[in-house]
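The block underneath contains the structure these notes are about, expressed in C-alpha cells.
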Amino acid sequence: MTQPELNSRTLYLRLLRYIMPYWRIFAVSVLSTIAVAATEPALPALLKPMLDGSFVNRDQTLIKLVPLLLVGLFLIRGIFSFISNYAVNWVSTRLVTDLRNLMFDKLITLPTPYYDNASSGTVIANIAFNVSQVTSAGTNVITVLVRDSFTVLGLLGWLLYLNWKLTIVTFVMAPLIAIIVKLFSGRLREMSRSLQRSMGDITHVLDESLGGHKVVKIFGGQDYEKRRFHEATNRNRLFSMKYTIAAGANVPLIQLLAAVALALIVYIATLQSGDNQTTVGGFVSFITAMLMLLAPIKRLTGVSESLQKGLAAAEIVFEFLDLESEPDQGTLSIERAKGNIEFRNISLRYAETAAPALKHFSLKIEPGETVALIGQSGSGKTSLVNLIPRFYHPTEGQILVDGHDIETVRLGDLRDNIAFVSQDVVLFNDTVGANIAYGRKAMATEMEIVVAAEAAHAMEFIRDMPQGLNTLVGENGVKLSGGQRQRIAIARAILKNAPILILDEATSALDTQSERHVQAALENLMRNRTTIVIAHRLSTIEKADRIVVMQKGEIVEMGTHHQLLDRNGVYANLYRIQFSAMAGSQ
C-alpha cells in the first residue's frame with residue numbers, strides 16, 4: 001500500500017529531530033554564521049568614510065585607519081567562516097551516518113515478505129546515495145537561511161540608513177520573488193523524488209547483472225542487460241534535465257527582477273546626486289551594498305532547490321523507516337526446547353496468489369524424530385518449514401513447539417532453537433571461522449569451531465587452505481566448491497547446537513562424492529535433534545522416521561520408507577521413477 005505523501009513542514013520538523021542531539025555544535029555553526037553575516041554590511045559601510053574622508057577631504061586619520069579595519073574585517077570573517085563550515089559539516093556527516101545506521105537497522109528487522117517484493121538495487125541506492133541528499137534540507141538550508149537572511153537584513157538596514165527612498169524600491173520586488181519561488185518549489189520536489197528513485201533503478205540493474213553474470217554470459221544476455229541499463233540511465237538523465245530546467249529557470253527570473261530594481265535605483269540615485277542629496281561615498285556605498293545583496297538573494301531564492309532535493313530524499317528515508325518491522329508480540333521465554341512440533345490445521349495463502357500454498361495441514365513431530373517432506377515443486381514443503389521460524393505467518397491454524405503456540409513465544413527465543421541448512425548456502429565475505437561462528441556464536445573459541453568443523457567433515461579441506469580457519473571465502477563463498485560451502489553451513493548449524501533442525505534440499509545440487517561427505521556430516525548434525533528434511537533425492541531420506549508426501553499443500557501419504565513402498569502409492573511411483581533415472585544414467 002502506497003503511503004500518503006508527507007507535507008514539507010512535517011518532513012522538515014521530523015528531520016530536525018535527528019539534528020537535535022547535536023544542537024550545541026549546530027548552535028556554534030549558526031552563531032558563527034551570524035557573525036560572518038554581521039560583517040557583510042561593514043564593507044560598504046567602510047567605503048563611505050574611505051571615499052569621503054580619504055579621497056575627498058584627505059582625512060589623515062581615516063587614510064591610516066581604514067586599511068587596518070579592512071584587514072581586521074576579513075580576518076574576523078575568515079575565522080568565523082572556518083568555524084561555521086567545520087561545525088555544519090560535522091553535523092551533516094553525523095546526520096547522514098545516523099540515518100544510514102537507522103535504515104540498516106530497520107532493514108534487518110523487516111519481515112520476509114518485504115525482501116520477496118523489494119528491489120535490492122533500490123534499497124541499496126536509498127541507503128548508500130539518496131540518504132546523503134537530506135543534508136541539503138537538514139543543515140545546508142538552515143545555514144544559508146541564517147547567514148543570508150542576516151546578511152540581507154544588515155545590508156538593507158545600511159541601505160535604509162543611507163537612503164530610505166531608494167531602499168523602498170527593493171521591497172517592491174519581494175512579493176514577485178516569493179511567487180516565483182512558490183511556483184518552482186513543487187516542480188523541484190517532484191523532479192528530485194523522481195531523480196532519486198531512478199538511481200534505485202540503475203543500482204537494481206547493476207546488482208542483478210553482477211549477481212547473474214554467468215547466466216548473462218551463457219545465455220547471451222549482454223544486449224538485453226545493456227538495453228536495461230541504458231534505459232535506466234536515460235531515465236535518470238531525463239529527470240536530471242527536467243530538474244535542471246526547473247532549477248535553471250528559477251534563479252535567472254529572480255535575478256532579472258533584482259536587476260530591474262538595481263537599474264531603477266541607479267537612475268534615481270543619479271538624479272539625487274545632481275541635487276546634492278547624496279555624496280560620492282554615500283552613492284558608492286549604496287551601490288556596493290545593493291550589488292552585495294544580489295549574492296545572498298540568489299542563494300536565498302536557490303535555497304528552494306536544495307530544500308526540495310533534501311525533502312524528497314527525506315521523504316524516501318522516512319517512508320523506509322516507517323515500514324513495519326517483523327511482528328513480535330510473543331512474551332513467553334523458552335531456553336532450550338525439547339523439540340516437539342505440532343501443526344494444527346494450518347492454511348497459508350500468499351497475498352499475491354489465488355491458490356493456497358497449504359490447506360488444513362496437520363502433523364505432530366516428536367522430539368528427536370526425523371521427518372522428511374517430499375513432493376513436486378509447489379506442493380508446499382518450503383512454505384511449511386518457513387512457518388516454523390515465523391518467516392511467514394499462517395492464514396489459519398496454529399504451530400506449537402513443546403505445546404506453546406509459536407506466536408506467543410519471543411521471536412529471538414524461537415529462532416535460537418532452530419538451525420537451518422539449505423541448498424542455497426549463504427556465506428559472508430569473511431573468514432571460514434567467522435562464517436562458522438556467525439551471529440550469536442561469534443564469541444565461540446577456536447576449539448569449539450574446530451570441533452564443529454570436524455563433525456561437519458570440513459576440517460579436511462580447511463587444513464589445506466592457506467590460512468586455515470582465517471582464510472577469506474570470497475563473496476558468498478565463491479572461492480569454495482559447492483560441497484565445501486555446504487559443509488561450512490553444516491558446521492555453522494552444529495556449532496549453534498539447536499534442538500530443531502530444518503534441512504531444505506541440502507544435498508540436491510552436489511556430485512556423488514561431495515554428497516557422501518555432506519550426508520555423513522548431516523548424520524552427525526541430525527543426531528538427537530528434531531529434524532525436518534525437504535528432500536529431492538529420495539535415497540537420502542530412506543532412514544527417516546517418517547516420510548510425508550505432499551501435493552498442493554496437503555498430505556497425501558505418510559509412513560516409513562518401506563511402508564510407503566508396500567503401499568504402492570505416490571511415493572512408490574516417485575521412487576521407481578528416480579531409481580530408473582539413476583540406473584539409466586549409470
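The values are calculated or read from the model by the stated rules, or taken from the named source; none is laboratory data. Because the structure is predicted, anything quoted here is derived from the model rather than measured. Cβ coordinates were reconstructed from backbone atoms using ideal geometry, including for glycine residues, and neighbour counts include every protein chain displayed. Please note that ligands, DNA and RNA were not included when accessible areas were found on the heavy atoms of the full protein model with its side chains. Shrake-Rupley method; radii C 1.70, N 1.55, O 1.52, S 1.80 Å.
Residues in the range 549-560 that are under 41 Å from the mean Cα position of the chain (by Cα) and under 26 Å from residue 338 (Cβ atoms): 550 alone. In the range 541-560 there is no residue that is open to solvent by less than 20 Å² (accessible area, probe 1.4 Å), under 19 Å from residue 426 (Cβ atoms), among the small types (Gly, Ala, Ser) and modelled with pLDDT under 90. Of the listed requirements (1) surrounded by 14 or more Cβ atoms within 10 Å (Cβ to Cβ); (2) at pLDDT below 90; (3) outside any loop (DSSP other than H, G, I, E, B); (4) among the β-branched types (Val, Ile, Thr), residue 531 misses just one: (2). Across the range 396-415, the qualifying residues are those that are touching a Phe, Trp or Tyr at 6+ places or on another chain (Cβ under 9 Å) and open to solvent by 30 Å² or more (accessible area, probe 1.4 Å), and the one among them that is nearest to residue 503 (Cα to Cα) is 398. The set of residues in the range 137-153 being buried (at least 23 other Cβ atoms within 10 Å of the Cβ) and among the small types (Gly, Ala, Ser) consists of 137, 138. Taken residue by residue, the range 297-310 has at least one member that is among the hydroxyl-bearing types (Ser, Thr, Tyr), within 30 Å of residue 191 (Cα to Cα) and open to solvent by less than 30 Å² (accessible area, probe 1.4 Å).
Every listed requirement among (1) open to solvent by 80 Å² or more (accessible area, probe 1.4 Å); (2) modelled with pLDDT of 85 or more is met by residue 99 save one, (1).
When the residues of the range 1-44 are filtered to those that are outside any helix (DSSP H, G or I) and buried (at least 16 other Cβ atoms within 10 Å of the Cβ), the one that is modelled with the lowest pLDDT is 6. Considering only residues in the range 229-238 that are in contact with a helix residue (DSSP H, G or I) (Cβ under 6 Å, 6 or more places away or on another chain) and open to solvent by 50 Å² or more (accessible area, probe 1.4 Å), the one that is nearest to residue 192 (Cα to Cα) turns out to be 235.
In the range 381-390, the count of residues that are among the charged types (D, E, K, R), within 17 Å of residue 557 (Cα to Cα) and more than 30 Å from the chain's Cα centre (by Cα) is one or more. Among the candidates 365, 388, 346, the residue that is within 17 Å of residue 551 (Cα to Cα) and β-branched (Val, Ile, Thr) is uniquely 346.
Of all residues in the range 9-38, those that are over 21 Å from residue 152 (Cα atoms) have Cβ atoms under 8 Å from Cβ atoms of residues that are surrounded by 15 or more Cβ atoms within 10 Å (Cβ to Cβ) and charged (D, E, K, R), 6 or more apart or on another chain, in 11/315; 18/98; 22/94.
Does at least one position in the range 390-407 carry a residue that is assigned to a strand (DSSP E or B), farther than 30 Å from residue 461 by Cα and of a type in the set (Asp, Glu)? So far as the range 390-407 goes, yes, one or more of its residues are assigned to a strand (DSSP E or B), farther than 30 Å from residue 461 by Cα and of a type in the set (Asp, Glu).
Within the range 206-228, the set of residues being closer than 15 Å to residue 122 by Cβ and modelled with pLDDT of 75 or more comprises 228 only.
Screening residue 139 with (1) in contact with a helix residue (DSSP H, G or I) (Cβ under 9 Å, 6 or more places away or on another chain); (2) closer than 27 Å to residue 201 by Cα; (3) among the polar types (S, T, N, Q) gives one miss only, at (2). Quick one: is residue 384 closer than 17 Å to residue 112 by Cα and surrounded by fewer than 21 Cβ atoms within 10 Å (Cβ to Cβ)? So residue 384 does not fit the description; no.
Answer yes or no as to whether residue 538 is within 27 Å of residue 344 (Cα to Cα) and modelled with pLDDT of 90 or more. No; evaluated as a whole, the condition is false for this residue. Of the residues making up the range 271-297, those that are at pLDDT below 65 and part of a helix (DSSP H, G or I) are 273, 274. The set of residues in the range 135-169 that are among the polar types (S, T, N, Q) and either closer than 10 Å to residue 296 by Cβ or part of a helix (DSSP H, G or I) (or both) comprises 135, 136, 139, 140, 143, 149, 151, 167. Of all the residues in the range 104-134, those that are crowded, with 22+ Cβ neighbours inside 10 Å and either of a type in the set (A, V, I, L, M, F, W, C) or closer than 28 Å to residue 300 by Cβ (or both) number 5.
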